[in-house]
Amino acid sequence: MTDPATTPEPKTHQKIDTSVPHSARIWNYWLGGKDNYPVDEQAGDAYTAVFPGIVTIARSSRAFLRRNISYLVSEAGIRQFLDIGTGLPTAENTHEVAQRLAPEARIVYVDNDPMVLAHARALLFSSPEGATAYIDANVTDPDRILAAAAGTLDFSRPIALILSNILGHVADYDQARSIVDRLMAALPSGSHLSINDGSLGVDPVFEQAQESYNSSGAVPYNLRPVDVITSFFDGLELIEPGVVPVTQWRPEPGSSPQVIAEHGGLARKP
């Protein structure tokens, strides 16, 4: 189990707002989870009424993350993970995949939703050989994240930075790029960056559904062109097959992955 000393306490003034749909809870609903409220289900149902394929995107995103982590542990030798924008716990979380392959792996989760943090502390237990910790912070505050993560991770050894469907919540590209650059600058050579986000220019129905969602009162999520998603990896060594639909990133043998409007990739810091 995680050592409480390595786990920063949540901000006590934060409250769970059950009147406004939240992306983490909606994502959990699409993945078949139960940790959501009626307002989240309503928003999720409204979205799927326009674009039923969002459920495929959500599940394909999770499968992409699982394959990423398996590669990082088994082929790249990574034993430390910084997962920002964790979302609500579901099956095959980062530490579960990593510690199944390497029980000594250490994982730091970052989120700023009190419901996410409460569930993470209750449900995400480390193997005895490794560690998990949970940081209450926003992706827009990379310095706070890095300072808190240093309590669990060794920044002299390679770390995998996981940014799964989180950069779309940073509307300004320059700010999003600055966040990625700041985080990667703090990581040593041999570290890796994993990013996946919804993509523009692939499925107009998806784009229509996202526009409706963004105008619903929920925290907006911004789709980006594939070349813009790819630009977050500038200066790094992309792992084959590069930035592709998440279904086509090292798919399971024998599968016939479809093209979906969710692109991702993995890259190594020289």
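Among the residues of the stretch 231-246, which ones are within 16 Å of the chain's Cα centre (by Cα) and assigned to a helix (DSSP H, G or I)? If the condition is that a residue be within 16 Å of the chain's Cα centre (by Cα) and assigned to a helix (DSSP H, G or I), then 246 is the only one that fits.
Scanning the stretch 99-130 for residues that are of a type in the set (Val, Ile, Thr) and either more than 14 Å from the chain's Cα centre (by Cα) or at pLDDT 90 or above (or both) gives 107, 108, 110. The listed residues are 194, 216, and the only one of them that is small (Gly, Ala, Ser) and either surrounded by fewer than 17 Cβ atoms within 10 Å (Cβ to Cβ) or out of contact with any strand residue (DSSP E or B) (no Cβ under 9 Å at 6 or more places or on another chain) (or both) turns out to be 216. Has the stretch 208-228 got at least one residue that is in contact with a Gly (Cβ under 9 Å, 6 or more places away or on another chain), of a type in the set (Phe, Trp, Tyr) and more than 22 Å from residue 160 (Cβ to Cβ)? Taking every residue of the stretch 208-228 in turn, at least one turns out to be in contact with a Gly (Cβ under 9 Å, 6 or more places away or on another chain), of a type in the set (Phe, Trp, Tyr) and more than 22 Å from residue 160 (Cβ to Cβ).
Would you say residue 260 is part of a loop (DSSP other than H, G, I, E, B) and crowded, with 21+ Cβ neighbours inside 10 Å? In short, yes. Restricting to the stretch 145-188, count the residues that are charged (D, E, K, R) and within 20 Å of residue 214 (Cα to Cα). Counting residues in the stretch 145-188 that are charged (D, E, K, R) and within 20 Å of residue 214 (Cα to Cα) gives 1. Pairs are defined by a Cβ separation below 6 Å, a sequence spacing of at least 6 or placement on different chains, a first member in the stretch 18-29 that is of a type in the set (Gly, Ala, Ser) and part of a helix (DSSP H, G or I), and a second member that is surrounded by 21 or more Cβ atoms within 10 Å (Cβ to Cβ) and modelled with pLDDT under 80; the pairs so defined are 24/87; 24/88; 24/113; 24/116. Summed over the stretch 171-218, residues that are at pLDDT below 95, part of a loop (DSSP other than H, G, I, E, B) and among the polar types (S, T, N, Q) total 2.
Across the stretch 71-117, what is the number of residues that are of a type in the set (D, E, K, R), touching a residue at least 40 places away in the same chain (Cβ under 8 Å) and either touching a strand residue (DSSP E or B) at 6+ places or on another chain (Cβ under 6 Å) or assigned to a loop (DSSP other than H, G, I, E, B) (or both)? Adding up the residues that qualify gives 4.
For the stretch 85-94, indicate whether the set of residues that are at pLDDT below 90, closer than 24 Å to residue 154 by Cβ, small (Gly, Ala, Ser) and buried (at least 22 other Cβ atoms within 10 Å of the Cβ) is non-empty. Checking the stretch 85-94: at least one residue is at pLDDT below 90, closer than 24 Å to residue 154 by Cβ, small (Gly, Ala, Ser) and buried (at least 22 other Cβ atoms within 10 Å of the Cβ). When residue 182 is tested against (1) in contact (Cβ under 8 Å) with a residue 24 or more places away in the chain; (2) surrounded by 15 or more Cβ atoms within 10 Å (Cβ to Cβ), exactly one condition is not met: (2). Determine whether the stretch 38-59 contains at least one residue that is at pLDDT 80 or above, farther than 25 Å from residue 247 by Cα and not in a helix (DSSP H, G or I). There is no residue in the stretch 38-59 that is at pLDDT 80 or above, farther than 25 Å from residue 247 by Cα and not in a helix (DSSP H, G or I). If you check 132, 152, 140 for being part of a strand (DSSP E or B) and in contact with a helix residue (DSSP H, G or I) (Cβ under 8 Å, 6 or more places away or on another chain), only one passes: 132.
The values are calculated or read from the model by the stated rules, or taken from the named source; none is laboratory data. Not measured: the values here are computed from a predicted model. All Cβ positions, even for glycine, are placed from backbone atoms using ideal geometry, and neighbour counts span all protein chains on display.
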